[in-house]
Each structure stands twice: as C-alpha cells, then as structure tokens.
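Quick note: the coordinates plus some simple rules give every number you see, no bench work behind them. Here the structure is a predicted model, which means the values were calculated and not measured. Cβ: placed from backbone, ideal geometry, glycine included. Neighbour counts: every protein chain shown.
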C-alpha cells in the first residue's frame, strides 16, 4: 500500500515523542526505550515495575486520547499475513534484546546523547529494514 | 501518554507508513525521517541540559548506559531487528500502541515479540552459564 508524505504531522508527533522522552529522563532518570521497558517487565518482574507498567499503559492511553481528539482511530494498514507477522515479531523481540534497543531507545534517545553504539545500531537496523523491504517488495513480488 | 499520542499523530502507528519509509526503491514516504527530526529536535538539546543535573527529580541517579564499544552482539541484534521491522512495518512502540485498536495480526506480532525477547534472554543466560562452566572446569 502507498502512503503520502505528511511532514507536519510527522514533525509534531515526533516532537511529542521527544517531549515524552525528556519528561521520563528528567523525572525518573530513565531512557524511553520501549523494547527495554517491556523487556524489563518480562525478565525482572519483581524490581522497579511500576513506572514500566505506567509507561506501557500510557502508550495505550495516548492512542485513546488521539481517538477522542480526532474522532476516529488512526489507520493501521498491514498486508502482512499471520506467518509473516509471527516471524517479524520473533525477529523484533530477539533483535531488540540482543542489540539493546529499538527505534525509540537507540534512535530517539541514544542519538540525542550522541552515543556511538546507538548511532551504529540505528544505521544498521535502518539499512537492514530497507534491505528487507527491497527484497520482499521488489525481488520476490 | 504523550509518547502514544505522538506516535498516533505522526502516523508511525501505521505499518504502511513505516514500510513506505523503508521502501527507498519504491514510492518513498520520508515521513519517518521527519518524525525522528522532530523528536531529536526536542531530545538532543533537552538531554544536554538535563544531564548536567546531578540527579533526576524523583530518582537518586540517571540510569544510562555508558558503554561505547561496538560489539558483534549490538550489530547483529540491530540487523535482526531491522529484518522484523521491514517484514511487518512494526517496532515495539507502535506495536504496543496499536493493541488498543484490537487488531488480531498486531496482537500476534506483540505475542511473538515477547516470545522472541524471552527466547533471547533464555539463550543468553544459557550461553553465559556454559561459558562460566567452561572457564572454571
């Protein structure tokens, strides 16, 4: 499916994401990396669990507030079949734990801290994502 | 909440838009780059100022990784993550956020993602204990 370029809502939404990450850092001293926040819930479910649960619930509540403001749900368009979704989920879960972060932790927070590890990780997962899409959309189709 | 709202407004909750960004050889949709710019425009200067403080407001210290080494784990993990990201157009934040729309295939993705995380941690704990046993024995 084709989508259109929406720079203004992109910048605005991005700024809100950034603002949320800033709040979490200045208040709790934590990096807003979603994969790490969820990973911590799974592997160490006894320690500092409160803020992790609050953050994950906040994601859902943020989406619900969009529903209230906009009057309709945002589009979730996916042509991926269930086996593809299953495989993709496994890769994302395994890869983010192994690489220590995802788009938010490495991309938004790590780059802001000028972390060399995050820069490498972001470039690698962008390149690998682009290559994957190139293979599935242009070579296999 | 702000993070979820931001994801929703930016359109990054939609796998089709993420795949549109990753599809550089097709009808490229650069929106994701603008989302990153918008976020970094806020985080980069704010992090710089915040991290000069001795401590955050409600915690004794900042919990930050101070590692600077680029090891194979980091690179291969990011590469694997990219494959999954490119297959589904979903990364952890949008996937969890999309759960509120009660979408079966997103729910399957999240379940598989949690399984992938657990699998990694099991395997890495296993390897670490094997490694420790080899060295001591």
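In table form, for the structure just shown:
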quantity: Taking chain A and dividing mean pair separation by its residue count, relative contact order in percent (alpha carbons under 8 Å, at least six apart); calculated: 27 percent
quantity: Gyration tensor over alpha-carbon atoms, the protein assembly as shown, equivalent ellipsoid semi-axes in Å; calculated: 27, 24, 18
quantity: Residues B:18, A:135 arranged by fewest to most Cβ contacts within 10 Å; calculated: A:135, B:18
quantity: Point-to-point label distance, residue B:57-residue B:76, nm (Cα→Cβ direction, 7 Å offset); calculated: 4.3 nm
quantity: Sum of -39500 (n - 2.57) over DSSP H runs of 4+, divided by residues of chain B (222 nm, nearest 500); calculated: -22500 deg cm²/dmol
quantity: Whole-Å distance, taken between Cα centres, linking region B:101-115 and region A:1-53; calculated: 18 Å
quantity: Most mobile listed residue (B:125, B:107, B:78) in chain B, GNM with C-alpha springs under 10 Å; calculated: B:125
quantity: Rg and Dmax [Cα atoms of chain B; Å; Rg one decimal, Dmax integer]; calculated: 18.9, 58
quantity: Cα gyration tensor category, rounded, prolate or oblate, for region B:74-137 with a/c compared to 1.5; calculated: prolate
quantity: Sorted largest first, extent of region A:7-139 alpha carbons per principal axis (Å); calculated: 47, 40, 31
quantity: Relative contact order, percent, chain B [alpha-carbon distance under 8 Å, six or more residues apart]; calculated: 25 percent
quantity: Order of A:43, A:87 - criterion: other Cβ atoms within 10 Å of each residue's Cβ, fewest first; calculated: A:43, A:87
quantity: Tensor-based shape of region B:1-82 (alpha-carbon gyration tensor, a/c under 1.5 rounded, otherwise prolate or oblate); calculated: oblate
quantity: Residue B:122/residue A:53 FRET efficiency (R0 25 Å; Cβ-Cβ; nearest 0.05); calculated: 0.65
quantity: Residue exposure sequence - A:82, A:73 - by fewest surrounding Cβ within 10 Å; calculated: A:82, A:73
quantity: Mean residue ellipticity (222 nm) of chain A, computed from DSSP H runs ≥ 4 via -39,500 (n - 2.57), nearest 500; calculated: -21500 deg cm²/dmol
